[in-house]
Amino acid sequence: MVKIITDSTNDLPKELLEKLDIDVMPLYVNFEDKSYKDGIDITTDELYDIVKKNGKLPKTAGVTVGDFETKFKEYLDKGYDIVYTGISGVMSSTLNNALIAIDDLDASARAFAIDSKNLSTGIGLLLLKAAKDRDNGLTAREIAERMEKNTDNVLSQFAIEQMDYLHKGGRCSGVARFAATLLRIKPIIEVRGGKMDVQAKPIGKIKVALDRMFNQLVSDKDRLDLDHILVTHSKADESAKYLLEKIRNEFPNVDVIETNAGCVISSHCGPGTIGILYMVKGN
């Protein structure tokens with residue numbers, strides 16, 4: 001038996017995760033006076049309300065070693081082997097904590113922690129593949145090996161509508177924020193090798209950035225993995241509606257899924273952020 005485990009930054013819908021029998025471990029969202037478990041004690045709407053009231057962003061923290069040990073032991077004792085993946089090891093301590101827990105439990109032959117090199121539903125795409133492999137009877141080790149190869153085939157790009165959260169979180173200087181606001185820049189962030197980099201700086205309304213991301217998707221059409229395309233956003237309903245219609249018209253035979261970003265992802269990017277995430281065929 002194989003149990004697939006992830007963390008709360010995967011941003012797949014809860015109903016889908018339950019259907020796929022994937023267990024989710026929450027990261028932590030910490031304000032000055034209180035700590036919350038992402039997706040359990042706090043919602044994205046509640047996060048934004050607190051930030052609006054206090055004028056300060058929370059700090060986020062990874063899943064602890066103790067949390068992992070408790071969860072892993074629970075399934076190992078039941079006879080399961082484990083495959084875990086979550087937020088990129090460059091972006092959080094979570095992956096390293098999972099590896100420490102596996103070592104502490106002396107479970108390296110039965111539990112595997114894979115660096116997704118990604119975030120949000122970039123992780124989700126790997127989970128969807130892993131669940132399919134599990135249902136096809138692959139072992140935990142085989143699933144982990146295939147997942148590790150797939151990480152380089154995940155393409156993630158996000159358009160940032162507001163610079164405030166990047167600025168408040170120390171990820172954008174005041175001068176850069178002022179310039180971006182003045183020039184109406186809607187930066188497109190891509191995830192490569194586990195890191196976030198600015199891929200483009202389109203100027204104008206958010207639609208300009210949406211069209212640019214859509215055109216990139218279309219340019220990858222010949223090498224696209226046709227299982228899933230994900231549109232993930234944080235309070236960007238109109239942008240999502242626009243993109244979903246365009247993508248479904250262009251790719252009528254692909255499963256196109258809309259998902260909402262959780263608290264950890266939203267606390268870093270802010271409302272209005274939206275991304276297109278998909279996989280390409282491996283070499």
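Summary of computed values
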{"item": "Complete set of residues in the range 1-37 that are more than 22 Å from Asp77 (Cβ to Cβ), in contact with a helix residue (DSSP H, G or I) (Cβ under 9 Å, 6 or more places away or on another chain) and assigned to a strand (DSSP E or B)", "result": "Tyr28, Val29, Tyr36, Lys37"}
{"item": "So Thr9, is it surrounded by fewer than 20 Cβ atoms within 10 Å (Cβ to Cβ), of a type in the set (S, T, N, Q), assigned by TED's automatic domain parsing to the domain that holds Leu125 and modelled with pLDDT of 95 or more", "result": "no"}
{"item": "Which listed residue is in contact (Cβ under 8 Å) with a residue 40 or more places away in the chain, aromatic (Phe, Trp, Tyr) and under 30 Å from Asn30 (Cα atoms), from Tyr80, Tyr84", "result": "Tyr84"}
{"item": "Single condition Ser108 does not satisfy, out of (1) surrounded by fewer than 16 Cβ atoms within 10 Å (Cβ to Cβ); (2) assigned to a helix (DSSP H, G or I)", "result": "(2)"}
{"item": "Selection from the range 111-155 of residues that are of a type in the set (Val, Ile, Thr), buried (at least 22 other Cβ atoms within 10 Å of the Cβ) and out of contact with any Gly (no Cβ under 8 Å at 6 or more places or on another chain)", "result": "Ile114, Ile143"}
{"item": "Leading residue by the ranking (nearest to the chain's Cα centre (by Cα)) among those in the range 90-117 that are β-branched (Val, Ile, Thr) and under 15 Å from Val65 (Cα atoms)", "result": "Thr94"}
{"item": "First in the range 1-28 and basic (Lys, Arg), second anywhere and at pLDDT 95 or above, Cβ under 6 Å, 6 or more apart", "result": "Lys3/Tyr75; Lys3/Tyr80; Lys3/Ile82"}
{"item": "Condition check for Ser92: surrounded by fewer than 23 Cβ atoms within 10 Å (Cβ to Cβ) and either at pLDDT below 95 or not in a helix (DSSP H, G or I) (or both)", "result": "yes"}
{"item": "Counted residues, the range 270-283 - those being over 16 Å from Gly124 (Cα atoms) and under 12 Å from the mean Cα position of the chain (by Cα)", "result": "0"}
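The values are calculated or read from the model by the stated rules, or taken from the named source; none is laboratory data. Predicted, not measured: the structure shown is a model, and the values here were computed from it. Note: ideal-geometry Cβ built from the backbone for every residue, glycine included; neighbour counts use all protein chains shown.
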